[in-house]
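For reference, the structure discussed in these notes is given below.
Derivation of every value follows stated rules applied to the coordinates shown; laboratory data play no part. Being a predicted model, the structure only gives us computed values, none of them experimental. Positions of Cβ are backbone-derived with ideal geometry, glycine not excepted, and every protein chain shown enters the neighbour counts.
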């Protein structure tokens, strides 16, 4: 049984009981518990099932390396899967459920996989489900999907909030253990801006559990004193519950702060993502203990020795009354001693080494603990938890010499430095043969923008595993960092003192001579069920690269990213390949260190502030008048204004008809308005547009096309000449920012000596299109300036006043009607808009939306950027040759348009399309069928629909499209297959469906 | 800095502010003299502001200033700047209505900005007299501090509500980071 001890537990407050539930069962713990320690205190050893075989799984570790004990935390919308119980702080009302089992944790039908495990070796899926091919999609994949995945994905909207913060520091210290605290103090004393990130709620790391002294003080006293100094430093920021998640280029880092996970406070941000710029980073991330690969090492009750000791010392929790310790190093003896001190029984320490004579083994012997060297665990007895072990020779094949009854096994295979952050930005590792670990190679450090190292590693993370070495190494590391930052070190190196430790003996398989049967019970990756036998099989099948083996076996690919299993796995691979470990190498550690919440990544961007929404000055009016909006870039533009139960189609029909017959009003404020001014502005615009803009007279407007360097049509709009050296360029709504950037790009990077300034005035003006036969009458009614045909002819513009508001009136038309676009200062946009409606009431002034605009422009055969163009279309395809100057020596896109492919006469050309059935609208994007098939066996095509509408004006469906030799095929009928299997016939016609002579706009 | 019940800062949309965008060769002595004569303010150094956000000059880019003046005075000032710079290549336009101006005020003003803008807001790294054009969450913005607890922020008019919402959200009571 695992249970709470009568005394002990540095972290817990026994006066404060905390209630929580696990699978609905009400349990209690103490304040300061982790969910792991509280579960163990309640004898809940079994906490989940493994991924592939659904093996029973218990807590193995006490920190972020935990592979097994993942639960679904919370209920309803707050349910979050795959949460590690070892890093979950207990709070009142916590609710957790175990995962990956059916129908229950205790009896799981998926556990049947366990019995067919020998039929599910590494690469099983790859090998088995290849043939017959269609079975993958229709049979295998659905079944696998059904059984795959640990926790269920949450289905509801996350009710919690999250935020982010930008932080800057000279030095970020990752890890608040003794190495990190010392480094922070030295850097703080040197006057640096220091940020210390500690992932747990406590400072000092695991040193207080492991014991020893620093500068003669007990470790905890030293930690307290150092913290007091640090807290007094203005230039040092200390954060607990804040994990460094990743390091990126040039000292950019992500920190992940868990603000209220330990004490839920609805309304407060749950997590805060830190976006940090650090000049230097010191990684003092400690080390993670490795397990040992003996048969049955995955049974609940088999735990890391350090973790078992943590539970006893920190939380006063024992995993069992009788614990066998199995180790290949001296550190494992600390667990035996800690258990003994807590009054628990350690039947034996099994040391794989031939001899154990260090201070810690001797201390264990002195405590009367039986120490057996050269021994191995060759069998673990028990079903859902350990009941005993079989002892054999480490050098042997697995014969049981003795059986020992026990409730728990503490295993220690040595320690692996947490080198993740060093690796994130490309730091390389060296294999330390003596300690059997990978540590950072100082000669190949990550570098910053200047090509110089920007990270250092100190303490256990650098392979300095004993307290004395940790403090010296930390001091060396921070000294190096200070040197890089031009500071000197004032503090002396602290002296850490702890018992000396004899070298470990690398043990990758236990016992060494185990046969395949035993090896298939030695787990490497607990979560993904990867065993020693799987890695060896991969090696036999020719997988030599550790990266390939990882993917083939899924070793280290679970949510713990192989924190426990990577080194053991690659050592097994190295052995199987007969290649030394450094040659096999490791897989690369990548961010995040442990998974971080999607909420933190999204930060504040949710709900109303998910995305900026651009609103015109008339937006509130549109909302009040029932507008149905469509997104255009970040703008929301009225698509139409349905009234009295109208459908959208009916509303569009009404808006078009009202505009064509009397008066329509459009909020055109979103159109781009870019002023281009300077002595070279005309020359510049001649290069930017395909036609001539320099010759445009002051007071006049001209429609222009803008192409990319590759000749493709990128934007269009009306340009107005304001004065001798000033032009105003209208762009499409979506093109405003892009075109402005395009202009600045050319001016700053290519024609930097041209005297041209640009300014984007899009938002300074509200713009209203006043359209229809009564448009002029409305302007006259508004009053203030001469808008007569003589004073303001087609394609003229004039400054003046309308309804008492300063206005610039452009007489341009995108509908074919008599039409004015009036720009007024944005702050008076709504006022002007309302004035137009009030004065226009007599004419039945009708607000129309973007769809009516589209319909009317299509009726006139006007192209729309994004409909008729898609980045592959040139103006010549669209019959816009008239807007391309033949006189100009050059313009952007000119040479590209002379390329062979661009002048190819078989390029599809713009035409109008009329369905033979006038009530049948061609689908947007439909293809016109041609005879025969192409090289891929697909039917040939000879054109496609680019725009398609029901025209209220013509009372029939109209469309535009690009068709092979289209303009010379007038009257021909094309066939357009639709996705629902029908074929629509449409006749090629002139794209101008309405008022071909242009009489309506020219009145 | 602030308790759990009060916002880190208050966010107030200010009445229309006159603004003139001015582009010219700011390295040219004659240009500088003309600007200073027309506005009464010294041409600001890189990333800084002279005068105030009601009447002053803000640095926008190596060849661009924002001239702050009264809303009604802006068109005329654009005209007089153009006159003063006649003969020099320049651009001076009234852009008053293109932007919205916010006052962010309170003891947590540095942190509110630090939550949304990739700017080092630590005292010593940024303070009154300086100006940043940067990103506010997902939009462009510029801001400067009027005092340790008062900051003025400018963004485009169309996204004013977004700016107000993200600023208010970042200033929610109880969300102090404790950085500054």
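Over chain B, calculate the relative contact order: mean separation of alpha carbon pairs under 8 Å at least 6 apart, over the residue count, as a percent.
Result for chain B is 30 percent.
At what distance in nm do the modelled label points of residue A:789 and residue B:83 sit from each other, each positioned 7 Å from its Cα along Cα→Cβ?
In this crude label model, residue A:789 to residue B:83 measures out at 4.1 nm.
Counting only other chains, what is the mean number of Cβ atoms within 10 angstrom of the Cβ of each residue in peptide B:17-30?
What the average comes to for B:17-30 is 1.
State the dimensionless ratio Rg/Rh of region A:3-113 (Rg: radius of gyration of Cα atoms; Rh: Kirkwood radius).
Radius of gyration over Kirkwood radius for region A:3-113 works out to 0.97.
Rounded if a/c is under 1.5, else prolate if a/b beats b/c, else oblate: with a ≥ b ≥ c from the C-alpha gyration tensor eigenvalues square-rooted, which is region A:893-973?
In terms of gyration-tensor shape, oblate.
Residue separation times 0.36 nm, minus the C-alpha to C-alpha distance between residue A:400 and residue A:738: what's the value?
114.1 nm
On full extension of the chain, what length is gained from residue A:433 through residue A:827, given 0.36 nm per residue of separation minus the C-alpha to C-alpha distance?
The residue A:433-residue A:827 span can extend by a further 134.5 nm.
I'm a student and want to see the number: the projected area of the Cα convex hull of the protein assembly as shown, averaged over all directions, in nm².
Average of the hull's projected areas for the protein assembly as shown equals 51.9 nm².
Return, ordered by residue number, the residues of region A:742-785 whose backbone nitrogen is under 16 Å from a label point located 7 Å along Cα→Cβ of residue A:841.
Zone members listed by number: A:778, A:781-782.
Quick one: order B:117, A:836 by neighbouring beta-carbon count within 10 Å, fewest to most.
B:117, A:836
Cut-off is 10 Å between beta-carbons; in what order do A:911, B:112 appear when sorted fewest neighbours first?
Arranged by neighbour count, lowest to highest, A:911, B:112 become A:911, B:112.
Quick one: A:848, A:765, A:703, fewest Cβ neighbours within 10 Å first, how do they rank?
In increasing order of surrounding Cβ atoms, one gets A:703, A:765, A:848.
Given the rule -39500 (n - 2.57) for each run of at least 4 DSSP H residues, summed and divided by the residues of chain B, what is its mean residue ellipticity at 222 nm, to the nearest 500 deg cm²/dmol?
-6500 deg cm²/dmol
Rounded to the nearest 500 deg cm²/dmol, what is the calculated helix-only ellipticity per residue at 222 nm for chain A, with -39500 (n - 2.57) per DSSP H run of length n ≥ 4?
Dividing the helical sum by the residues of chain A leaves -6000 deg cm²/dmol.
Which whole number gives the average count of other chain Cβ atoms within 10 Å of the Cβ atoms across peptide A:758-769?
Taking all residues of A:758-769 together, the mean is 4.
How big is D, in µm² s⁻¹, for chain B by Stokes-Einstein at 25 °C and 0.890 mPa s if Rh is the Kirkwood radius over C-alpha pairs?
After rounding, the answer is 147 µm²/s.
Given R₀ = 60 Å, FRET efficiency for residue A:903-residue A:263 by Cβ-Cβ distance, to 0.05?
Between residue A:903 and residue A:263 the formula returns 0.25.
Compute the distance in nm between two label points, each set 7 Å from the Cα along the Cα-to-Cβ direction, one at residue A:625 and one at residue A:749.
Using points 7 Å along Cα→Cβ, the separation is 4.2 nm.
Over region A:672-763, calculate the relative contact order: mean separation of alpha carbon pairs under 8 Å at least 6 apart, over the residue count, as a percent.
Once divided by the residue count of region A:672-763, the mean separation gives 39 percent.
Taking only the alpha carbons of region A:799-910, what extent do you get along each of the three principal axes, in Å, biggest first?
Answer, in whole Å and largest first: 56, 30, 22 Å.
Specify, per residue and in Å³, the volume enclosed by the convex hull of the alpha carbon atoms belonging to region B:98-170.
Once divided by residue count, the hull of region B:98-170 is 74 Å³.
Taking 1 over the mean of 1/r across every pair of different Cα atoms in region A:467-517, what Kirkwood radius in Å do you get?
Evaluated on region A:467-517, it is 14.5 Å.
Over region B:18-96, what portion of Cα pair distances is larger than 21 Å, expressed as a whole percent?
12
Report the equivalent ellipsoid semi-axes for region A:466-578 in whole Å, largest first, defined as the square roots of five times the eigenvalues of the gyration tensor built from alpha carbon atoms.
39, 18, 12
If I fit a long axis through the Cα atoms of helix A:829-840 and take the longest principal axis of the Cα atoms of chain A, what angle between them do I get, 0 to 90°, rounded to 10?
That helix lies at roughly 40 degrees to the long axis.
For residue A:228 and residue A:650, compute 0.36 nm times the residue count separating them, minus their Cα-Cα distance, and round to one decimal in nm.
144.6 nm
Run a plain Debye calculation on region A:262-391 (Cα atoms as equal point scatterers, no solvent) and give log10 I(q)/I(0) at q = 0.15, 0.22 Å⁻¹, rounded to two decimals, same order as the q list.
One equal scatterer on each Cα of region A:262-391 leads to -0.75, -1.36.
Measuring from the lowest to the highest alpha carbon on each principal axis, how far does region A:854-947 reach, largest first, in angstroms?
47, 40, 18
Counting only C-alpha contacts under 8 Å and six or more residues apart, can you give the relative contact order of region B:18-96 as a whole percent?
43
Run the Debye formula on the Cα coordinates of region A:252-331, all scatterers equal and no solvent, and tell me log10 I(q)/I(0) at q = 0.11, 0.13, 0.14 1/Å.
For the requested q values the scattering log ratios are -0.58, -0.74, -0.81.
Tally the DSSP beta bridges in chain A and give the antiparallel ones as a percent, rounded to 5.
75
For region A:522-587, just run the numbers: alpha carbon Rg, then divide by 2.2 N^0.38 Å, N being how many residues it has.
0.94
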